[in-house]
1. Using the reciprocal of the averaged 1/r over all distinct C-alpha pairs, how large is the Kirkwood radius of region 105-231 in Å?
2. When the C-alpha atoms of region 1-128 are aligned to their principal axes, what extent does each axis show, in angstrom, from largest down?
3. Quick check on packing: order 130-141, 104-115 by the mean number of other C-beta atoms within 10 Å, highest mean leading.
4. What FRET efficiency do you get for ASP110 and HIS39 if R0 is 22 Å and r is their Cβ-Cβ distance, rounded to the nearest 0.05?
5. Kindly provide the helix-only [θ] at 222 nm of the chain, computed as the sum of -39,500 (n - 2.57) over DSSP H runs of four or more divided by all residues, to the nearest 500 deg cm²/dmol?
6. Return the label of the correct value of Cα extents along the principal axes in Å, as calculated from the structure shown, out of [x] 50, 43, 31; [y] 49, 39, 37; [z] 78, 50, 31.
7. Per the 1.4 Å probe, what fraction of the accessible area of the chain, in percent, lies on carbon and sulfur atoms?
8. Mind checking the full-extension length gain between ARG47 and GLN69? Use 0.36 nm per residue of separation minus the Cα-Cα distance, one decimal, nm.
Amino acid sequence: ARPLHIRASVLPPMIAWNRLDTLLLDLDGTLLDLHYDNHFWLEHVQRRYAELHGLAPAAAKAELLARYQRAEGTLDWYCVDYWSRELKLDIPQLKEEVNHLIAVHPHVLDFLEAVKALNKRVLLVTNAHGKTLAIKFRRTPLGGHFDAVVCSHDIGLPKEHADFWDRMQKVQPFDKKSALLIDDSLPVLRSARAHGIGQLLAVYQPDSKLPEKDVGEFRAIRSFREIMPGS
């Protein structure tokens, strides 16, 4: 009998570069290791909050987690001024205390330079507050790699909100069909999909110290080396 030759199914490339004009990039968990933010909110703030209010660590943690949960999904969740008022702590100053943990994910800078060489438009689209952005741009060489920075605090809505992308279009117009968004948040990816953004990619491991996360229905990357142009 003749041997059967089964043709292996070939997945399409992760990014269709020939159909891409605008690259939309998230910051925390996508370009930057989310370990800094997780450590800050779940450990550092908790410690300082317990000290300020004379609370046991477990009581401080329970109180903070309840506060975080109430704000999740709103612009307040991402606003350092809001948390400074709410917690009676100088959040920007506390962020500086652990800023040595801010780290760019591997291969990100090479990726950004390779994309720039293709003359693609690169926009940073972030929920990070302006004061947080300033700290992270001082600690990393990311700042000079974007054609523009779009901050949800300037838009007035977080990225996961259904109307965010319409509002963003008024500030930084782009052709959504020829755009790619890379983001580690499933609610954000779903809002972008509903808006009609042509290509979407998730991130398996936003925090290098935690296991890979569930990326739902989206294709995802483990490293920017996987999607390096020309590789």
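1. After inverting the pairwise mean of 1/r, the radius is 15.5 Å.
2. Answer, in whole Å and largest first: 78, 45, 28 Å.
3. With the highest mean Cβ count within 10 Å placed first, the list reads 104-115, 130-141.
4. 0.25
5. -10500 deg cm²/dmol
6. Of the listed options [x] 50, 43, 31; [y] 49, 39, 37; [z] 78, 50, 31, [z] comes from this structure.
7. About 53 percent, which is the carbon plus sulfur part of the accessible surface.
8. 6.1 nm
The values are calculated or read from the model by the stated rules, or taken from the named source; none is laboratory data. Note that this is a predicted model, so its numbers are computed, not measured. Quick reminder, even Gly has a Cβ in these numbers, built from the backbone with ideal geometry, and neighbours come from all protein chains shown. Please note that ligands, DNA and RNA were not included when accessible areas were found on the heavy atoms of the full protein model with its side chains. Shrake-Rupley method; radii C 1.70, N 1.55, O 1.52, S 1.80 Å.
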